[in-house]
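The values are calculated or read from the model by the stated rules, or taken from the named source; none is laboratory data. Small disclaimer: the values here were computed from a predicted structure and weren't measured. As a convention, Cβ positions derive from the backbone with ideal geometry for all residues, glycine included, and neighbour counts pool all protein chains shown.
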Amino acid sequence: MQHKIDNYRARFGPRGVLDIKRAIEIAYVVGEDEDWAADLLIELAHDCGVPERDMDPVYVVLSQIEQEARTDIDNITGKDICNDCEGHMAVYGNYLDSSFDYDDTFRGWLVNTLKGIPIKDFNEFTRYLLDELQIDSEDLKITDNE
């Protein structure tokens, strides 16, 4: 892992090692790597006109996961988790403490939207998002009452 952190840091200069480590770890969970995470940060910093050193690496990775999951869910269900949803879900940026911020209404809406779809049908980004929202295959099962 240290080699991966060093590769990432070499592209930007000094930054909190734990923030970088978390961004890289999340990238690997979704099937990507430190270069993917670094490229996302460079692109977003450029698009926003912000120095790369001022960007939150964990937020950048989570934001991309949200967008990839959004596309996946829309392709499968025809529902956009940002525009068609009930409740609230967004990426909360706070470096190491960055996370998905959501309410029970959004979680319930998402469960109902995805009900009956096996988790294996979703890409790694969506599976990561579902895990972060504490939604598992049991939540998505159709019961006799439905």
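What the table shows:
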item: Identity of the residue in the range 100-117, on the phi < 0 side of the Ramachandran plot and either of a type in the set (Gly, Ala, Ser) or touching a helix residue (DSSP H, G or I) at 6+ places or on another chain (Cβ under 7 Å) (or both), that ends up surrounded by the most Cβ atoms within 10 Å (Cβ to Cβ); result: Leu114
item: Subset of the range 118-127 [surrounded by 15 or more Cβ atoms within 10 Å (Cβ to Cβ), in contact with a helix residue (DSSP H, G or I) (Cβ under 7 Å, 6 or more places away or on another chain) and either free of Cβ contacts under 8 Å to residues at least 40 places away in the same chain or in a helix (DSSP H, G or I) (or both)]; result: Ile119, Phe125, Thr126, Arg127
item: Ile81 vs. criteria surrounded by 15 or more Cβ atoms within 10 Å (Cβ to Cβ) and not in a helix (DSSP H, G or I); result: yes
item: Residue in the range 109-117 that is within 28 Å of Lys21 (Cβ to Cβ) and of a type outside the set (Gly, Ala, Ser) present; result: no
item: Close pairs from the range 6-21: first of a type in the set (D, E, K, R), partner modelled with pLDDT under 75 and part of a helix (DSSP H, G or I), Cβ under 7 Å, at least 6 apart; result: Arg15/Arg9
item: Some residue of the range 21-36 being farther than 30 Å from Pro118 by Cα, in a loop (DSSP other than H, G, I, E, B) and at pLDDT below 95; result: no
item: Filter result (in a helix (DSSP H, G or I), of a type outside the set (S, T, N, Q) and buried (at least 17 other Cβ atoms within 10 Å of the Cβ)) within the range 53-65; result: Pro57, Val58, Tyr59, Val60, Val61, Leu62, Ile65
item: Options Asp47, Asp54, Asp33: the member that is among the acidic types (Asp, Glu), under 18 Å from Tyr92 (Cβ atoms) and without any contact (Cβ under 8 Å) to a residue 60 or more places away in the chain; result: Asp54
